[in-house]
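Okay, so here's the structure we're looking at.
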Amino acid sequence: MDEGVAVFDDNRRSFEEAVNEIHRLDSLAGVAVGSVDLNGLKATNDNICHAAGDELIRAAASVLSETFRNVAKVYRTGGDEFYVLSTSSVTPENLAALTDRLDEAAAAWRGKMVENLSLSYGFAFGREEPETTVEQLLILADKRMYVSKRRYYDSQELDRRGSY
């Protein structure tokens with residue numbers, strides 16, 4: 001997998017091809033998987049409009065691609081669901097710096113229809129579980145993302161589905 005430039009790829013098939021490339025690796029020790037989801041998309045769609053929700057999705061794609069440029073590929077796999085895949089450049093040691101940069105970029109973003117952008121994310125590393133599969137890493141990253149999402153909604157005293 002070429003990690004020279006982060007790629008925002010709106011094609012689930014490309015994501016699946018990248019996962020298949022990871023299957024062909026001798027070891028998952030250098031693999032990192034991130035699961036990222038927008039906070040508040042449903043409320044934005046319901047309370048402002050779907051064009052505002054689209055603005056958030058584009059913003060998420062932009063800040064993710066910029067943050068992980070040169071170290072990973074970014075894929076949009078569903079509505080507001082993104083994955084970050086790296087085969088060598090994202091490590092537990094540099095993850096904090098990357099996620100700090102991601103948080104800063106999201107906090108600095110301002111849209112025309114929406115004031116702010118908030119993302120929940122979770123990462124998993126192949127070296128955490130030597131006998132793991134990439135599918136298990138994706139599941140673990142998703143679980144960690146949902147812990148982050150629950151923490152966000154609890155801190156905002158919001159119902160995850162958009163009720164205040």
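Some notes on this structure:
- Sequence-distant contacts, meaning Cα pairs under 8 Å at least 6 residues apart, place the relative contact order of the chain at 32 percent.
- When the square roots of the Cα gyration tensor eigenvalues are ordered a ≥ b ≥ c, the ratio a/c for region 16-74 is 1.5 or more and a/b exceeds b/c, which makes its shape prolate.
- Computed over the alpha carbons of region 78-164, Rg followed by Dmax gives 14.8, 47 Å.
- Between 0 and 90°, nearest 10: helix 92-108 axis offset from the chain longest Cα axis: 20
- Solvent-accessible area per residue in region 1-140 equals 49 Å², computed with a 1.4 angstrom probe and all protein chains kept.
- For the chain, the mean residue ellipticity at 222 nm estimated from helices alone is -15500 deg cm²/dmol, where every DSSP H run of n ≥ 4 contributes -39500 (n - 2.57) and the total is divided by all residues, rounded to the nearest 500.
- Alpha carbon centroid spacing (whole Å) that separates region 111-133 from region 38-52: 20
- For region 29-79, the dipole from Cβ point charges (+1 on Lys and Arg, -1 on Asp and Glu) about the Cα centre works out to 200 debye, to the nearest 20.
- Principal-axis tilt of helix 134-155 within the chain, Cα atoms, nearest 10 degrees: 30
- The angle between the Cα long axis of helix 12-23 and the main principal axis of the chain comes to about 30°, on a 0 to 90 degree scale.
- For region 25-82, the residue among Leu28, Asn70, Ile48 whose Cα projects farthest onto the positive side of the dipole built from Cβ charges is Asn70.
- Rounded percent of accessible protein surface that carbon and sulfur make up, region 61-118, 1.4 Å probe: 46
- Within the chain: Cβ-based charge dipole about Cα centre, in debye rounded to nearest 20 (Lys, Arg +1; Asp, Glu -1): 340
The values are calculated or read from the model by the stated rules, or taken from the named source; none is laboratory data. All values reported here derive from a predicted model rather than from experimental measurement. Virtual Cβ from ideal backbone geometry, glycine too; neighbours counted across all protein chains shown. Side chains are part of the model used for accessible areas, which takes the heavy atoms of the whole protein and leaves out ligands, DNA and RNA. Shrake-Rupley method; radii C 1.70, N 1.55, O 1.52, S 1.80 Å.
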